[in-house]
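Please treat every number below as a calculation from the coordinates, not as lab data. Predicted, not measured: the structure shown is a model, and the values here were computed from it. Cβ: placed from backbone, ideal geometry, glycine included. Neighbour counts: every protein chain shown.
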Amino acid sequence: MKTIKLNTVKPNIFSESDVSGSEIWRKNTCFEKGNTYLIFSESGKGKSSLFDFIYCKRNDYSGEILFDEKNAKEFNSVQKKQLRSNHISLVFQGFRLFSELTAMENVEIKNRLTNCKTKKQIVEMFEQMDISAKINTPLSLLSFGQKQRVAIIRSLCQPFDFLLLDEAFSHLDETNYSIACHLIADEIKNQNAALLVASLGEQYKFNYNYKILL
């Protein structure tokens, strides 16, 4: 997949005044593979909604979202599954991990669908993110920041053209935040993918081609 286009998209729950000043809502926007985008706004402007729309988790919006000119609202369940397995990866703000499974099991669920990483590569990512000691620990026993790192690792265990980060570093200290950014940047480069970062204002440690106000 090379492009994601948003044509006059607006969340159904927003009024026209809610989207005034936005450079995305009710505008024509194109995200291209290989570029890096910072999407910033105040809280409540729809950052998570935007990513849910692109991830085909929700369709409560007006306008069109086109994946290589194909309308997302016309996708069937098989096409949506293929989209999420091969083209778009997302670190949800709320993680959407399974609390009853271990950290490794949460990552392996994604990796079994894609066969993207070897077990050795996954363990190396846990080591780089300084949570290798928690690999076999149930997620329910991990701290919020540790869960956040598991979610980041999981997002990298698939092929993708676009990686979406929804405030993915909010509970990481400076050291782990820097490590996570480096790990993500390497994977983006390896896959020649686009990166879309949603933020309340923090720019994080990426070289952006575009900065867009939501």
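Connecting C-alpha atoms closer than 10 Å in a GNM of the chain, tell me which of 66, 163, 38 has the biggest fluctuation.
66
Which of rounded, prolate, oblate describes the range 95-152, given a ≥ b ≥ c as roots of the alpha-carbon gyration tensor eigenvalues and a/c under 1.5 marking rounded, otherwise prolate only if a/b is larger than b/c? Don't skip to the end; give the middle numbers.
Values: a/c = 1.82, a/b = 1.26, b/c = 1.44.
The shape class here is oblate.
Using r as the Cβ-Cβ distance of residue 59 and residue 179, and R0 as 35 Å, what FRET efficiency do you calculate, to the nearest 0.05?
0.45
For residue 170 paired with residue 135, estimate the spin-label separation in nm (one decimal), with each label point 7 Å from Cα along the Cα-to-Cβ line.
For residue 170 paired with residue 135, the spin-label model returns 3.0 nm.
Hey, got the dipole for the chain? About the Cα centre, +1 on K and R Cβ, -1 on D and E Cβ, debye to the nearest 20?
So the magnitude is around 540 debye.
Of the options 152, 87, 178, report the single residue whose Cα projects farthest towards the positive end of the charge dipole of the chain (beta-carbon charges: Lys, Arg +1; Asp, Glu -1).
87
Could you work out how far helix 119-128 tilts from the main Cα principal axis of the chain, as a 0 to 90 degree angle to the nearest 10?
Tilt of helix 119-128: around 80 degrees.
Using the structure shown, list the pairs from 81/110; 5/80; 2/70; 33/211; 81/147 with a Cα-Cα distance above 19 Å, or answer none.
81/147
Going Cα to Cα from residue 189, which aspartates and glutamates come in below 17 Å? Please leave out same-chain ones fewer than 8 positions away.
Reachable aspartates and glutamates: 32, 161.
Suppose every Lys and Arg Cβ carries +1 and every Asp and Glu Cβ carries -1, with no other charges. What dipole size does the range 1-124 come out with about its Cα centre, to the nearest 20 debye?
400 debye
Hey, for a label at residue 13 modelled as a point 7 Å past Cα toward Cβ, could you say which residues of the range 90-110 have their backbone N under 16 Å away?
Only 93-94 fall inside the zone, counting backbone N under 16 Å.
Could you tell me whether the range 1-125 comes out rounded, prolate or oblate from its Cα gyration tensor? Rule is a ≥ b ≥ c as square roots of the eigenvalues, rounded for a/c under 1.5, then prolate if a/b exceeds b/c, otherwise oblate.
prolate
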